[in-house]
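The values are calculated or read from the model by the stated rules, or taken from the named source; none is laboratory data. Note that the structure is a prediction, hence the values are computed from the model and not measured. Note that we place each Cβ from the backbone using ideal geometry, even for glycine, and neighbour counts take in every protein chain shown.
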Amino acid sequence: MGRYIRSRLITAIPVFFGITLLVFLMVNLAPGTITDLMGEGAANEADRAALEASLGLDQPLPLRYAGWLAGLFQGDLGQSYFYNRPVSRLIVQRVGPSLLLTGSGVALAVAAALPLGVLAAWKPRSVWDRLASFLSLLSFGVPGFVLCLGGIALFAVTLGWLPTHGMYAAGTFTSLGDLLRHLVLPAGVVCLSSLGELVKQTRSACLESLGQDYILTARAKGLTDGAVMVRHAFRGSLVPVLTTILSHIPHILGGSVVVEQIFGWPGMGSLLFSAISQRDYPLVMGVTVVVALGVLLTNLLLDLVYGLADPRVRYGKE
Amino acid sequence: MTPFRSNPRSPWARFCRNRRAVVCLFLLCLELLLVFLLPPLMGLEPNVSDLEAGFWAPPSPAHWLGTDDVGRDLLARLLCGGQVSLLIGLSAAAISAALGVPLGLLAGYRRGAWEFWLMRLADIVQSFPSIILVLCLVALVGPSALNIVLVLGLLGWTGIARLVYGNTLTVRDQEYVVAARALGASRGFLLRRNVLPNVVAPVWCSIPLRAGRAILSESSLSFLGVGIRTPQASWGSLIQAAADLTVLTSRPWAWIPPSLCIIFTVLCLAVIGDGLRDALDPRSRRLPD
């Protein structure tokens with residue numbers, strides 16, 4: 001087990017540096033610097049140079065990367081150009097709403113997908129199976145923003161049941177009901193767009209484990225179909241299903257950029273989007289790096305949990 | 001890994017037996033033809049304002065889908081936007097495959113440092129939600145159709161490379177490869193003639209899916225205003241008009257047709273991909289699908 005953990009950690013180290021380097025280079029090698037924007041109008045060469053020096057942009061790239069990385073380790077992601085506040089504080093404010101949105105969306109999707117996937121595998125070509133394949137086509141083929149627009153047009157504007165925008169009606173938290181009303185549409189979109197893949201994977205993992213010998217054994221013991229399905233086939237397929245859920249996290253986070261932007265949800269996605277349009281480079285770097293490292297950490301934890309939960313994984317990889 | 005030999009029917013013949021996939025392939029080809037041939041045949045001008053019809057004119061015989069906020073014919077913009085969206089999707093998928101196949105082969109066959117660094121590179125790229133990376137890169141290099149194709153294509157190689165890599169690992173130690181190596185086949189010959197044909201099958205199925213994903217990414221970018229910009233149109237940028245609540249509810253002809261086009265195209269590509277998978281890998285037939 002120790003060797004397994006060590007080997008996973010060792011492969012994670014170059015990925016960590018790769019992620020930070022990629023984000024750094026992407027932003028710093030892009031044409032045009034902040035001085036083009038901030039110094040617009042009154043800028044002469046001397047002012048520009050002074051501005052660059054005050055932002056530390058006159059230093060060579062490797063030195064700036066080292067400085068940024070050192071800050072990252074201390075939780076200091078620099079100062080946002082636009083808000084003139086520490087990037088880390090801006091991100092911390094936005095993490096909660098983002099987690100709330102993606103968390104509730106994914107929880108809904110899991111709650112709906114697992115039973116549906118099991119039913120679809122249990123009774124192929126039934127209504128459930130058809131519903132499952134319809135949902136997986138729906139969530140693959142319909143872009144998230146079209147789902148958002150459809151939801152807004154139907155539930156918010158035509159029926160007037162739900163708000164179109166934001167997280168709270170009054171600008172701040174007033175009641176849980178208000179928050180939930182604002183949450184329904186965006187979380188519904190997040191749920192629908194990850195539902196299909198989950199249903200599909202649950203179904204095929206269940207079908208896969210239905211073909212195993214231990215299912216035959218369970219049947220031979222005289223267990224009912226339902227018990228075989230839920231306690232044996234479904235349990236046997238939990239690991240691949242869990243993998244799908246967690247490997248989907250980057251997709252879900254990415255999709256929530258669009259959802260947050262459309263619904264004006266004050267999360268990391270809309271923060272990133274406005275940072276990009278304002279060319280607020282420290283903020284862009286901060287958000288991207290936090291998201292990517294979050295994904296890396298999730299994958300790492302996942303690997304370790306597998307190693308603990310399923311001995312076959314551990315021996316297979318060494 | 002040579003499942004086709006034992007089966008007398010060619011993969012293409014098996015694909016043709018899948019009626020859904022053939023219909024989708026036909027519809028997709030039809031769509032390509034319509035999108036590229038209709039504008040010149042009907043004399044449609046996507047960038048000319050019809051001042052007589054006015055702004056936001058509803059559908060009429062002169063403008064089948066009405067006009068947009070500056071009086072341009074929406075059918076013309078839908079078709080020309082389709083050209084852009086389809087070309088971006090297909091060429092991004094082609095670039096991803098052209099990059100992913102050799103890199104996956106290299107990592108799987110040479111192993112060692114190649115394997116380690118190429119797969120770590122794939123890990124790095126895959127740690128980012130793809131839309132976030134695409135959004136940043138396109139915003140930084142500037143939004144143009146070419147840049148979007150390049151960014152989507154260059155970032156899309158990881159999935160394909162992983163597929164090829166995994167298959168190469170199993171194929172590289174098979175007896176026929178060892179035999180060819182013992183006969184003195186050069187590495188290039190071996191990879192081309194013995195390994196490649198046995199590892200590309202899953203790539204063929206993933207190309208349509210990648211094209212579909214690329215079309216979705218492009219339309220999301222354009223919808224957010226970071227992708228294709230006016231006067232050029234794409235399906236995503238046409239839907240952008242619906243960000244305005246009046247357009248959303250009272251002028252559905254402006255945004256529903258491009259949405260349906262995206263959904264239709266992506267679903268066709270998905271069904272074609274599934275059809276190719278079943279045709280190229282007879283073993284997957286065992287699962288009721």
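Return yes when A:G171 is small (G, A, S), modelled with pLDDT under 80 and either out of contact with any His (no Cβ under 7 Å at 6 or more places or on another chain) or surrounded by fewer than 18 Cβ atoms within 10 Å (Cβ to Cβ) (or both) and no when it is not.
The answer is yes for A:G171.
Out of the range A:130-166, which residues are closer than 27 Å to A:L179 by Cβ and among the polar types (S, T, N, Q)?
Within the range A:130-166, A:S139, A:T158, A:T164 qualify.
Which condition number in (1) in contact with a Cys (Cβ under 6 Å, 6 or more places away or on another chain); (2) at pLDDT 90 or above is the one that B:W235 fails?
Evaluating B:W235 over (1) in contact with a Cys (Cβ under 6 Å, 6 or more places away or on another chain); (2) at pLDDT 90 or above leaves (2) as the failure.
For the range A:41-59, check the following and say yes or no: at least one residue is at pLDDT below 85, assigned to a helix (DSSP H, G or I) and among the basic types (K, R).
yes
So is B:V84 within 19 Å of B:A233 (Cα to Cα), among the aliphatic types (A, V, I, L, M) and crowded, with 20+ Cβ neighbours inside 10 Å or not?
When the stated conditions are applied, B:V84 passes them.
What are the pairs, 6+ residues apart or on separate chains, where a residue within the range B:21-42 that is on the phi < 0 side of the Ramachandran plot has its Cβ under 7 Å from a residue that is among the aromatic types (F, W, Y) and modelled with pLDDT under 90?
Pairs found: B:A21/B:F15.
Across the range A:95-141, which residue is farthest from the chain's Cα centre (by Cα) among those that are of a type in the set (F, W, Y) and closer than 16 Å to A:C191 by Cα? Steps first, please.
From the range A:95-141, those of a type in the set (F, W, Y) are A:122, A:128, A:134, A:140; that's our starting set.
With the extra rule that they be closer than 16 Å to A:C191 by Cα, the set shrinks to A:134, A:140.
Details: A:F134: 24, A:F140: 17 Å.
Among those residues, the one meeting the criterion is A:F134.
Looking only at the range A:200-222, filter to residues that are assigned to a helix (DSSP H, G or I) and more than 33 Å from the chain's Cα centre (by Cα); which one of those is nearest to A:F140 (Cα to Cα)? Explain how you work it out, then say what you get.
Just the residues of the range A:200-222 that are assigned to a helix (DSSP H, G or I), to begin with: A:200-210, A:213-220.
From the residues that got through so far, the ones that are more than 33 Å from the chain's Cα centre (by Cα) too are A:213-220.
Details: A:D213: 33, A:Y214: 33, A:I215: 32, A:L216: 34, A:T217: 37, A:A218: 36, A:R219: 36, A:A220: 39 Å.
Among them, the one singled out is A:I215.
Assuming B:V195 fulfils every condition listed in (1) closer than 11 Å to B:Y109 by Cβ; (2) crowded, with 16+ Cβ neighbours inside 10 Å; (3) modelled with pLDDT under 85 apart from one, which condition is it?
For B:V195, the failing item is (3).
So which residues in the range B:247-267 are closer than 30 Å to B:A13 by Cα, buried (at least 24 other Cβ atoms within 10 Å of the Cβ) and more than 8 Å from chain A (Cβ to nearest Cβ), if there are any at all?
Selection gives B:T265 alone.
Take the range A:94-132 and flag every residue that is surrounded by fewer than 21 Cβ atoms within 10 Å (Cβ to Cβ), in contact (Cβ under 8 Å) with a residue 12 or more places away in the chain and among the polar types (S, T, N, Q).
A:S104
Of (1) within 10 Å of chain B (Cβ to nearest Cβ); (2) at pLDDT 80 or above, A:L283 satisfies all except one. Which?
(1)
Looking at (1) surrounded by fewer than 18 Cβ atoms within 10 Å (Cβ to Cβ); (2) more than 23 Å from A:G151 (Cβ to Cβ); (3) among the hydroxyl-bearing types (S, T, Y), can you tell me which one B:S206 breaks?
The one condition B:S206 does not meet is (1).
Quickly run through the range A:60-90 and pick out the residues that are surrounded by 18 or more Cβ atoms within 10 Å (Cβ to Cβ) and of a type in the set (A, V, I, L, M).
A:L72, A:L77, A:V87, A:L90
For the range B:214-246, enumerate the residues that are part of a helix (DSSP H, G or I), at the interface with another protein chain (Cβ under 8 Å from one of its Cβ atoms) and β-branched (V, I, T).
B:I239
For the structure I just gave you, tell me whether A:P250 is assigned to a helix (DSSP H, G or I), within 14 Å of chain B (Cβ to nearest Cβ) and in contact with a Gly (Cβ under 7 Å, 6 or more places away or on another chain).
On the way: assigned to a helix (DSSP H, G or I): yes; within 14 Å of chain B (Cβ to nearest Cβ): yes; in contact with a Gly (Cβ under 7 Å, 6 or more places away or on another chain): no.
No; evaluated as a whole, the condition is false for this residue.
Quick one: B:P143 ticks every box in (1) within 28 Å of A:M285 (Cβ to Cβ); (2) in a helix (DSSP H, G or I); (3) within 12 Å of another protein chain (Cβ to nearest Cβ); (4) under 24 Å from the mean Cα position of the chain (by Cα) bar one, so which box is it?
Failed condition: (2).
Which of the following residues is free of Cβ contacts under 8 Å to residues at least 24 places away in the same chain, charged (D, E, K, R), away from every other protein chain (no Cβ under 14 Å) and over 26 Å from A:S274 (Cα atoms): B:R110, B:R120?
Details: B:R120 fails: away from every other protein chain (no Cβ under 14 Å).
Answer to the check: B:R110.
Which of the residues belonging to the range B:14-47 are outside any helix (DSSP H, G or I) and loosely packed, with under 12 Cβ neighbours inside 10 Å?
B:G43
All but one of (1) within 14 Å of chain A (Cβ to nearest Cβ); (2) in a helix (DSSP H, G or I); (3) without any contact (Cβ under 8 Å) to a residue 60 or more places away in the chain hold for B:F128; which doesn't?
Among (1) within 14 Å of chain A (Cβ to nearest Cβ); (2) in a helix (DSSP H, G or I); (3) without any contact (Cβ under 8 Å) to a residue 60 or more places away in the chain, the lone unmet condition for B:F128 is (2).
Give the residue that is farthest from A:L135 (Cα to Cα), with candidates limited to residues of the range A:174-195 that are loosely packed, with under 15 Cβ neighbours inside 10 Å and polar (S, T, N, Q).
Checking each candidate, the answer is A:T174.
What's the number of the only condition in (1) among the hydrophobic types (A, V, I, L, M, F, W, C); (2) over 30 Å from B:A279 (Cβ atoms); (3) loosely packed, with under 15 Cβ neighbours inside 10 Å that B:L75 fails to meet?
(3)
Go through the range A:70-183 and tell me which helices (runs of 4 or more DSSP H), entirely inside it, have 2 or more residues that are more than 11 Å from chain B (Cβ to nearest Cβ).
A:87-122, A:127-141
Could you check the range A:64-86 and list, in sequence order, the residues that are under 16 Å from A:V27 (Cα atoms) and free of Cβ contacts under 8 Å to residues at least 12 places away in the same chain?
Passing the criteria: A:A66, A:G67.
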